[in-house]
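Participant: Quick one: the structure is below, and I'll ask about it shortly.
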Amino acid sequence: MSLGTRRSTLLGIAVLTLALLPSCNNPKTSVTQVWKAPWRPPSMKTMIVFATRLDEANRRTFEDGAVAVLARHDVKARQSYVLFPGTPPDRDVARQLVQDQGFDGILVASLRDVRERQTYVPGTYQGGFWGSYYNQGWGAWSSGYVVTDEIVSFETTLWDTRAEDRLVWTALTETTNPSAGPKFVQSVTGAIEQSLVRTGIIPPAREQK
């Protein structure tokens, strides 16, 4: 199997897994890269959220999660599937619809890659170098093993519609051994949320009453 075919297969499996399997753990998502425009855009009060390269069920789940996160920061967001149910229209039509709604920003989360990472865990000797390694027959030895993790990568970008759709922020995230369903979405959107706050794009979350 070629690398391209294998990657396409993994992407397909990941999308299917997110939709069908029950959530069984708490995945961890880390932000691996962040870029912010050198200028500070005016505060964004409204956004439209797009989740791309996902099937319709996962698209809706992801966009719902992002909208809920932004609401905690007094950003009024709307899911793209509400404005564009099913297949989005042509670019010019979609752009005009977004402009007509008066959104300040466009937040786009896109599934970029699914890959496997193998890590070798070395075996251990009991007794240190002189007590065991120097003469392996003298000490106890446990063999090493390989751990295989699945890594799911997303790229999330934020565009300012008031400045000719200028890119103002982007982040790459990686989720290790993601579970399916809401916990995966919460992990990714939570990492995105923290990065947006740290870079000053959105204000800290308001206190819950």
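Read-outs throughout are calculated quantities, based only on the coordinates presented, and are distinct from any laboratory measurement. The structure presented is a predicted model; accordingly, all values stated were derived computationally and were not measured. Ideal geometry is used to build each Cβ from the backbone, glycine not excepted, and the neighbour counts take in all protein chains shown.
Participant: How do TYR81, TYR120 line up, fewest other C-beta atoms within 10 Å first?
Facilitator: The most exposed by this proxy come first: TYR120, TYR81.
Participant: Follow-up. At ALA37 and ARG91, where each label point lies 7 Å from the Cα along Cα→Cβ, what is the point-to-point distance in nanometres?
Facilitator: Rounded to a tenth, the inter-label distance reads 1.9 nm.
Participant: In what sequence do ARG78, ARG166 fall when counting other Cβ within 10 Å, fewest first?
Facilitator: Ordered by Cβ neighbours within 10 Å, fewest first: ARG166, ARG78.
Participant: Mean shadow of region 142-194, computed from the convex hull of its alpha carbons, in nm²?
Facilitator: Averaged projected area of region 142-194's Cα convex hull equals 5.6 nm².
Participant: Here's a follow-up. Given H placed 1.01 Å from N in the peptide plane, which residues other than close sequence neighbours of THR52 have an amide H under 5 Å from its amide H?
Facilitator: Correct list: ALA109, SER110, LEU111.
Participant: Let me ask something else about it. P(r) for region 22-116: what percent of alpha-carbon pairs falls in each 5 Å bin, starting at zero?
Facilitator: Using 5 Å bins, I get a P(r) of 2, 10, 19, 21, 21, 14, 8, 3, 1 for region 22-116.
Participant: If I take every Cα pair under 8 Å that is 6 or more residues apart in region 32-122, average their sequence separation and divide by the length, what percent do I get for the relative contact order?
Facilitator: Once divided by the residue count of region 32-122, the mean separation gives 41 percent.
Participant: Whole Å is fine, so just give me how far the alpha carbon centre of region 155-176 lies from that of region 49-107.
Facilitator: The two parts, judged by their Cα centres, are 13 Å apart.
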